Amino acid sequence: MKLVGEKGVQRILMITALSAISSLLLIALFIFSEGLPFIFKYGAGNFLLANEWDPNTGHFGIFPMIMSSVWVTLGAMVVGAPLGIAGAIFLSEYASPIIMKIVKPTIELLAAIPSVVYGFIGVMVLAPVIRNNLGGPGLSLLAGCIILGIMILPTVISISIDSILAVPRSYREGSLALGATTWQTTHMVTIKAARSGIVASIILGLGRAIGETMAVIMVAGNSVNIPNSALDSVRTLTANIALEMSYATGMHREALFATGVILFIIIMILNSIASVAIRNRNAKK
Amino acid sequence: MRINPKYTQWGAVTILTSATIFTILILVFIIFFILEKGLPVLGLSFLTENPQEMGKAGGIFPTLIGTIILPVFALLIATPLGISTSVYLAEYTKETRITKVIRFGTDCLAGIPSIIFGLFGYIFFVITLGFGWSILSGGLTLAVMVLPTIIRTSEEAIRAVPNSYRKVSFSLGASRWQTVKKVVLPNALPGIVTGIMLSIGRSIGETAAVIFTAGSSLRIPSSVFDSTRTMAVHFYILAREGISSENAYGTAATLIIAVLFVNLLAYYTMHRFIAKRS
């Protein structure tokens, strides 16, 4: 590279290397500069804790959406976490390497399926089943939980597998030598040692579930209310933004960006916790 | 009361196995359900005809164009940025405060939900920079979105190149940049390609970030300043507004086939790469 020389190359590479962090800052800057002034103007308490959302009359309370997002996400955990962790334990501790080699990429394909397709499956398959067997409109909190629970499986499984495989072999051998069965070894030794990584996988799954938009819009029904039962139609924070963004103006648009600010903060907190947990796992090694 | 460890062992393994099988069955069900309903609609005319009455009849040709152009545009921007970031991280520095910040930024960016990218792309590219709903806005937004994937996979691929390769190159008098260009990058190429493929797959399936930045025009774009509609967006509109469930299934089948093809190609490339290394 005679044009710029070695030092020049290094400088150019370093500048491009800052692209990810500067994109992140730019995103934060623009979302916050659109949303934060609204929160101050309208009052954080009114915005976060009021129940009424009616842009036509200037009511912008997102409490029902916050509760809906929380319930949908927790429900998705109840569906996805046990299934995902069980799958991860099976694949890393009990399955033969060949099965692992085939099944792990197959499960990762679940992550590649577009979220609109999940939403569509929810509408065409899941919602009628719920409507006919349990009552209610079908498009509901429950449908959202099940679909999101499935969508987070790849995240939970692949990060849990990594952490279980990171547990040193000697731990397992020690336990087996003391006469424990393989299951006793798994649940008393291996899982305990891999705990922080498994927790990280669940938190990253939480982040994915709370941020998911299109699938939730399609299956959860979208009425603004605090859910009383799993069969109620709900609207999450993400759905609220996506549903109204195309026609919102003025205060209304600012309120949607403010909803984005809340979402951004929640996601950042979850991701920071997860990265600390993963760092703990790696530090232990 | 104590249960015989043999029984708990048997019970646990049964539960774990069924959980795994259940997970795989979900995937198989989704793919077969969409293909079973969609494949009969899918045909050459469906792919090459223009949609009529907002997609109620006719084909999906313009969305096919949008689905190809937008990811290509995004990757044209994200690939050079991503690769040079990973070269910097893997070849030019030790772990310092700057690399920690870069890594933290990359991880955070990877965790941001697509609706936030949509909001950002809308306010920044569409409004502030005045690009409007266009291929330019949509492509730039997707580029930011896939950047972390490219950085991570490229860095892994570069780190997997054996150190002896570099030492030989240095001992022949090559500079660091010559070594990177002639030795490290060619050897890391399959891994880098895998990252690009995965990013294309993600861009093809993306909806929330695209609909607010590239818009949803059904016309065939004539420049990067024109709006376009991808298959995923088209499918979302067909399904959500109940325009035509038949064409929705057809579009979904095309989408699934495209995404699976790209991802399988990515796994195949990676597999070859790993096989070569070990």
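The values are calculated or read from the model by the stated rules, or taken from the named source; none is laboratory data. Every value quoted in this text rests on a predicted model; they were computed, and no experiment measured them. Because the Cβ atoms are built from the backbone with ideal geometry, glycine has one as well, and the counts that use them run over all protein chains shown.
Looking at region B:89-97, is at least one residue touching a residue at least 12 places away in the same chain (Cβ under 8 Å), facing chain A (nearest Cβ under 7 Å) and surrounded by fewer than 20 Cβ atoms within 10 Å (Cβ to Cβ)?
Looking through region B:89-97, at least one residue is touching a residue at least 12 places away in the same chain (Cβ under 8 Å), facing chain A (nearest Cβ under 7 Å) and surrounded by fewer than 20 Cβ atoms within 10 Å (Cβ to Cβ).
Please go through (1) within 23 Å of A:M214 (Cβ to Cβ); (2) facing chain A (nearest Cβ under 10 Å) for B:I65 and return the number of the only condition it doesn't satisfy.
(2)
Being in a helix (DSSP H, G or I), buried (at least 20 other Cβ atoms within 10 Å of the Cβ), facing chain B (nearest Cβ under 9 Å) and in contact (Cβ under 8 Å) with a residue 40 or more places away in the chain is true for just one of A:L13, A:L91, A:L24. Which residue is that?
That would be A:L91, the only listed residue that is in a helix (DSSP H, G or I), buried (at least 20 other Cβ atoms within 10 Å of the Cβ), facing chain B (nearest Cβ under 9 Å) and in contact (Cβ under 8 Å) with a residue 40 or more places away in the chain.
Okay, residues lined up against (1) touching a His at 6+ places or on another chain (Cβ under 8 Å); (2) within 30 Å of B:P186 (Cα to Cα); (3) of a type in the set (S, T, Y):
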{"site": "B:R229", "(1), (2), (3)": "no, no, no"}
{"site": "B:G242", "(1), (2), (3)": "no, no, no"}
{"site": "B:V259", "(1), (2), (3)": "no, yes, no"}
{"site": "B:Y267", "(1), (2), (3)": "no, yes, yes"}
{"site": "B:A275", "(1), (2), (3)": "no, yes, no"}
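On the given criteria, is B:F225 surrounded by fewer than 16 Cβ atoms within 10 Å (Cβ to Cβ), under 30 Å from B:P190 (Cβ atoms) and either modelled with pLDDT of 90 or more or facing another protein chain (nearest Cβ under 8 Å) (or both)?
Judged against the criteria, B:F225 is not a match.
All but one of (1) over 17 Å from B:I151 (Cβ atoms); (2) surrounded by 20 or more Cβ atoms within 10 Å (Cβ to Cβ); (3) more than 9 Å from chain A (Cβ to nearest Cβ) hold for B:I30; state the number of the condition that does not hold.
Checking B:I30 against (1) over 17 Å from B:I151 (Cβ atoms); (2) surrounded by 20 or more Cβ atoms within 10 Å (Cβ to Cβ); (3) more than 9 Å from chain A (Cβ to nearest Cβ), the one that fails is (3).
So which of B:T269, B:T251 ends up being farther than 30 Å from A:V9 by Cβ, surrounded by 16 or more Cβ atoms within 10 Å (Cβ to Cβ) and more than 9 Å from chain A (Cβ to nearest Cβ)?
Criteria check complete, one pass: B:T251.
In this structure, does B:T106 turn out to be surrounded by fewer than 21 Cβ atoms within 10 Å (Cβ to Cβ) and polar (S, T, N, Q)?
The answer is no for B:T106.
Taking B:I243 as meeting all but one of (1) modelled with pLDDT under 90; (2) assigned to a helix (DSSP H, G or I), write down the number of the exception.
(2)
Are there helices (runs of 4 or more DSSP H) fully within region B:105-177 with at least 3 residues that are within 18 Å of B:I196 (Cβ to Cβ), at pLDDT below 95 and in contact with a helix residue (DSSP H, G or I) (Cβ under 6 Å, 6 or more places away or on another chain)? List them.
Filter on region B:105-177 gives B:135-159.
Out of region A:201-229, which residues are away from chain B (no Cβ under 13 Å) and part of a loop (DSSP other than H, G, I, E, B)?
Passing the criteria: A:S223, A:V224, A:N225, A:I226, A:P227, A:N228, A:S229.
Is there a residue in region A:170-177 that is at the interface with chain B (Cβ under 10 Å from one of its Cβ atoms) and not charged (D, E, K, R)?
no
Can you find, within region B:7-27, the residue that is nearest to A:I121 (Cα to Cα) among those that are surrounded by fewer than 12 Cβ atoms within 10 Å (Cβ to Cβ) and over 27 Å from the mean Cα position of the chain (by Cα)?
Out of the qualifying residues, it is B:T14.
Kindly indicate whether any position in region B:183-196 is assigned to a helix (DSSP H, G or I), closer than 21 Å to A:G211 by Cα, in contact with a helix residue (DSSP H, G or I) (Cβ under 8 Å, 6 or more places away or on another chain) and among the β-branched types (V, I, T).
No, the conditions are met nowhere in region B:183-196.
Just to verify a result, which residue in region A:230-251, among those that are within 14 Å of chain B (Cβ to nearest Cβ) and more than 20 Å from the chain's Cα centre (by Cα), is farthest from A:D54 (Cα to Cα)?
Among those residues, the one meeting the criterion is A:S246.
List, please: which pairs have Cβ atoms under 6 Å, are six or more places apart or on different chains, and start with a residue in region B:141-156 that is buried (at least 24 other Cβ atoms within 10 Å of the Cβ) and end with one that is not in a helix (DSSP H, G or I)?
Once the first residue is buried (at least 24 other Cβ atoms within 10 Å of the Cβ) and sits in region B:141-156, its partners that are not in a helix (DSSP H, G or I) give B:T141/B:T213.
Where residues in region B:198-222 are under 20 Å from B:L265 (Cα atoms) and in a helix (DSSP H, G or I), which of them is nearest to the other protein chains (Cβ to nearest Cβ)?
B:G205
Of the conditions (1) over 20 Å from A:M124 (Cβ atoms); (2) out of contact with any Pro (no Cβ under 6 Å at 6 or more places or on another chain), B:G58 fails just one. Which one is it?
Status for B:G58: all satisfied but (2).
Just a yes or no: is a residue in region A:104-122 within 22 Å of the chain's Cα centre (by Cα) and surrounded by fewer than 16 Cβ atoms within 10 Å (Cβ to Cβ)?
yes
Across region A:60-88, which residue is surrounded by the fewest Cβ atoms within 10 Å (Cβ to Cβ) among those that are out of contact with any Pro (no Cβ under 9 Å at 6 or more places or on another chain) and within 14 Å of A:S160 (Cα to Cα)?
A:P82
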